[in-house]
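Take a look at the structure set out below.
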Amino acid sequence: MANEEKSKPKMGFTIIKNDPTDGHKGFGIGSLSLENVSPVIIDVAEGTAIVDVGAMHAKSDVERGIKFTMNCEDSEGGKDYWLVWVTIDHKESGAYFAGVTACEMVVNREKRRGYKILADHVNRMDKSMKRKIIVEHMDDASKKILVDFLKNHDEAMWHNSDEQLHKNLE
């Protein structure tokens, strides 16, 4: 008799757009909407910041082809990066940067190794979506890169943002 394996039902994680309960009473309640969250990658050495949507699934250009561990020594000699989760919201005065949280990453391309704590990245994305500002642990040069990036993206949004963001970044 052949040994047949029964397939287990798979639990899916669905990322949806817009309000999951818009017009529906049951479907989508409790679902996570990531419509207003953007991952910004700061290259500390180059002094640049870019939006890389691939980071939503740990597949940004910086992360591709790299085996990540939670041991800093594995990526020794690598480049420093920050993954910054930026959440945008609206209030009466207009759009603003509501949640901004930063996570550390080190990538050594030669060794194809990197350092990051995935749980930290996920938790910081969640904190950003909950309108938290967590950037005080960033170095001053990286903070300046982020401020310039946010201002260049939309200066009105920068001015509409809470004073805590300005204080923690400048």
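Listed values, structure above:
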{"quantity": "Amide N proximity, the range 52-70 versus residue 109 label position 7 Å along Cα-to-Cβ, cut-off under 14 Å", "calculated": "61-66"}
{"quantity": "Accessible-area composition of the range 43-170, carbon plus sulfur, in percent [1.4 Å probe]", "calculated": "48"}
{"quantity": "Between the range 30-107 and the range 126-170, the alpha-carbon center distance in angstrom", "calculated": "13"}
{"quantity": "Residue 90 paired with residue 151, simple spin-label distance in nm, labels 7 Å along Cα-to-beta-carbon", "calculated": "2.7"}
{"quantity": "Relative contact order of the range 73-170, defined on C-alpha pairs under 8 angstrom at six or more residues apart (%)", "calculated": "30"}
{"quantity": "Cut-off 10 Å between beta-carbons: net charge of the residues surrounding residue 85, Lys and Arg +1, Asp and Glu -1", "calculated": "+2"}
{"quantity": "Out-of-range pairs (alpha-carbon distance over 28 Å; input 127/167; 67/130; 59/91; 111/132; 59/167; 59/151)", "calculated": "67/130; 59/91; 111/132; 59/167"}
{"quantity": "Per residue accessible area of the range 66-170, 1.4 Å probe, in Å²", "calculated": "55"}
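The values are calculated or read from the model by the stated rules, or taken from the named source; none is laboratory data. Here the structure is a predicted model, which means the values were calculated and not measured. Neighbour counts run over all protein chains shown; Cβ positions are idealised from the backbone, glycine included. What goes into the accessible areas is simple: the full protein's heavy atoms, side chains included, and nothing from ligands, DNA or RNA. Shrake-Rupley method; radii C 1.70, N 1.55, O 1.52, S 1.80 Å.
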